[in-house]
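One structure is given here, and the rest of the page talks about it.
Derivation of every value follows stated rules applied to the coordinates shown; laboratory data play no part. For clarity, every value in this text was computed on a predicted model and none was experimentally measured. Backbone-built Cβ (ideal geometry, glycine too); neighbour counts: all protein chains shown.
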Amino acid sequence: MNATGIMETTQYLTFKLEDEVFALDIAKVREVLDFTAITKVPKTPEFMRGVINLRGSVVPVVDLRLKFGMSRTEKTVNTCIIITEVTVDNETTILGALADSVQEVMDLGPDHIEPAPKIGTHLNTEFIQGMGKRDNSFVIILDIDKVFSIDELALVQAKQAEVPADSAQ
């Protein structure tokens, strides 16, 4: 077993945030939507952009660029929402993650994945599952279950429960 815990070839959905390419295990991705109207929910963290109505269900939408300390995601022709399953403490939450664009689905084997970099003790890189090597560049493989803290997900779930599905446009 290598340092990332990935022992077999896995498919990843790759997407861009600013100039960086990130990847999610395809097993965690439900679908990719075109950008749609997002209803803002008061008193939520800045990275939580609001909620959308997905076939009658209220789905929170987060801005990964803001979560990662980048600038706010702006709507372009390629902006999309990746609907993903996040599991924390054995509880699964459906989240929408804003992305500048979706790239492709790619296969990466364990021999093409390096462990996440260790950058001292002050920076948390726990949410990086590994660094995929492709051609002469890297793809940052996210562990979506570790991107958000338990407290952040609890807040998202509480706000989600407050919004009736028919009011999320």
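Spin-label model, Ala154/Ser71: points 7 Å from Cα along the beta carbon direction are separated by 3.6 nm.
Placing pseudo-labels 7 Å out from each Cα toward the beta carbon at Phe138 and Glu126 gives an inter-label distance of 2.0 nm.
For Asp143, the residues 5 or more places off, or on other chains, whose built amide H falls under 5 Å of its own are Ile128, Gln129.
Footprinting exposure proxy ranking of Ile113, Ile52, fewest other C-beta atoms within 10 angstrom first, gives Ile52, Ile113. Considering region 10-167, its Cα convex hull presents a mean projected area of 9.9 nm².
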